[in-house]
1. If you go through the range 156-198, how many residues are over 24 Å from residue 267 (Cα atoms) and in contact with a Phe, Trp or Tyr (Cβ under 8 Å, 6 or more places away or on another chain)?
2. Any chance you could count how many residues in the range 94-106 are among the polar types (S, T, N, Q) and touching a helix residue (DSSP H, G or I) at 6+ places or on another chain (Cβ under 7 Å)?
3. State which residue pairs qualify: first residue among the acidic types (Asp, Glu) and inside the range 287-302, second residue in a loop (DSSP other than H, G, I, E, B) in any location, beta carbons under 9 Å apart, and separation of 6 or more residues or different chains.
4. Does residue 269 qualify as being without any contact (Cβ under 8 Å) to a residue 24 or more places away in the chain, in a loop (DSSP other than H, G, I, E, B) and either out of contact with any Phe, Trp or Tyr (no Cβ under 8 Å at 6 or more places or on another chain) or closer than 30 Å to residue 128 by Cβ (or both)?
5. Out of curiosity, is residue 194 free of Cβ contacts under 8 Å to residues at least 40 places away in the same chain, outside any loop (DSSP other than H, G, I, E, B), more than 13 Å from residue 251 (Cα to Cα) and open to solvent by 50 Å² or more (accessible area, probe 1.4 Å)?
6. Mind checking whether some residue in the range 220-228 is open to solvent by 20 Å² or more (accessible area, probe 1.4 Å), charged (D, E, K, R), out of contact with any strand residue (DSSP E or B) (no Cβ under 8 Å at 6 or more places or on another chain) and closer than 26 Å to residue 31 by Cβ?
7. Quick one: which residue in 61, 41, 52 is open to solvent by 10 Å² or more (accessible area, probe 1.4 Å) and without any contact (Cβ under 8 Å) to a residue 40 or more places away in the chain?
8. Tell me, please, whether a residue that is under 22 Å from the mean Cα position of the chain (by Cα) and among the hydroxyl-bearing types (Ser, Thr, Tyr) can be found in the range 31-42.
Amino acid sequence: MSVVSGVTVTVPATTANLGPGFDCIGAALKLYNQFKFTRVEEGGLTIAVTGEEAQRVQTDESNLLYQAFIRFYQHIEQTPPSVKIEIQLGVPLARGLGSSATAIVGGLVAANQLEGAPISQSQVMELAIAMEGHPDNVVPALLGGCRLAASGGAGWEICDVPWHQDIIPVVAIPDFELSTSEARRVLPTEVSRADAIFNTAHLGLLLRGLETGKAEWLKTALQDKLHQPYRKALIPGYDAVNLAAVTAGAYGMVISGAGPTLLALTDELHSQAVEAAMSNAWEQEGIIANVRSLSLDIQGAKS
């Protein structure tokens, strides 16, 4: 490939952890941020942002999308070009849906495409994981689908996790934020052997439940003891929304990423009832939430 003058990259939102899969499993969802990069002759950097919450996005060199763009050029040991960046936001910020992962993946993919793809997709992935610090969001954002990541001797092993077509993810996005750093601060530095065994067993069951769509397996598999018992206290109304979702027919409910978005898994027959129940439960707590059924994105970042 040759150097190009411009590129547009579309990156999906992600939901990570899925209960017991803390920091190792995530899925791409059909909700997107779009990033357009155009080379300019001079003038350094220009960033324009549209969409909800656009005014909250940094438009200088501290912008995470641009930081990822620069990181690529550091990796290939070249000087980055002057660019105009246009951002169209579709993924809510700081809500546990991988908005930072879309920026990291978007910046790296765009830079690679602008330069004629001098590095492979797996190398882009390694850079993205290094920037994010863990793979659960950036890997599905880049590759699509549901992915399990495990570190190996020479890098990362990525496993495609089959997702049964009858499983519907319902996201309940509240009108408040929760930073990843705050959500990590509440976690214990050590866990018991019993809790580690519990999560190992439930992650194994989750993988089979996602593949088969078997309701009883999913109802058990979504339980977790490593992060959700500590983080749910940061999310007002968590227990009420959980009870409402399960009563309406969800297999279970988990915290999406670091939160505060909550994710319920259900089937098509119950998805509308689960949406309404989660919305109403949070409304009773004085919280307005955008609740919607989504589907799995299987393409990942597109350019």
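1. Number satisfying all stated conditions: 3.
2. Going through the range 94-106 one residue at a time, the tally reaches 2.
3. 297/144; 297/145
4. For residue 269, the condition - without any contact (Cβ under 8 Å) to a residue 24 or more places away in the chain, in a loop (DSSP other than H, G, I, E, B) and either out of contact with any Phe, Trp or Tyr (no Cβ under 8 Å at 6 or more places or on another chain) or closer than 30 Å to residue 128 by Cβ (or both) - is met.
5. yes
6. For the range 220-228, residues open to solvent by 20 Å² or more (accessible area, probe 1.4 Å), charged (D, E, K, R), out of contact with any strand residue (DSSP E or B) (no Cβ under 8 Å at 6 or more places or on another chain) and closer than 26 Å to residue 31 by Cβ: absent.
7. Details: 41 fails: without any contact (Cβ under 8 Å) to a residue 40 or more places away in the chain; 52 fails: without any contact (Cβ under 8 Å) to a residue 40 or more places away in the chain.
Of the residues listed, the single one that is open to solvent by 10 Å² or more (accessible area, probe 1.4 Å) and without any contact (Cβ under 8 Å) to a residue 40 or more places away in the chain is 61.
8. Yes, there is a match, as at least one residue in the range 31-42 is under 22 Å from the mean Cα position of the chain (by Cα) and among the hydroxyl-bearing types (Ser, Thr, Tyr).
The values are calculated or read from the model by the stated rules, or taken from the named source; none is laboratory data. All figures in this text were calculated on a predicted structure; none of them were measured in a lab. Please note: Cβ atoms are built from the backbone with ideal geometry, for glycine as well, and neighbour counts cover all protein chains shown. Ligands, DNA and RNA are excluded from the accessible area calculation, which covers all protein heavy atoms including side chains. Shrake-Rupley method; radii C 1.70, N 1.55, O 1.52, S 1.80 Å.
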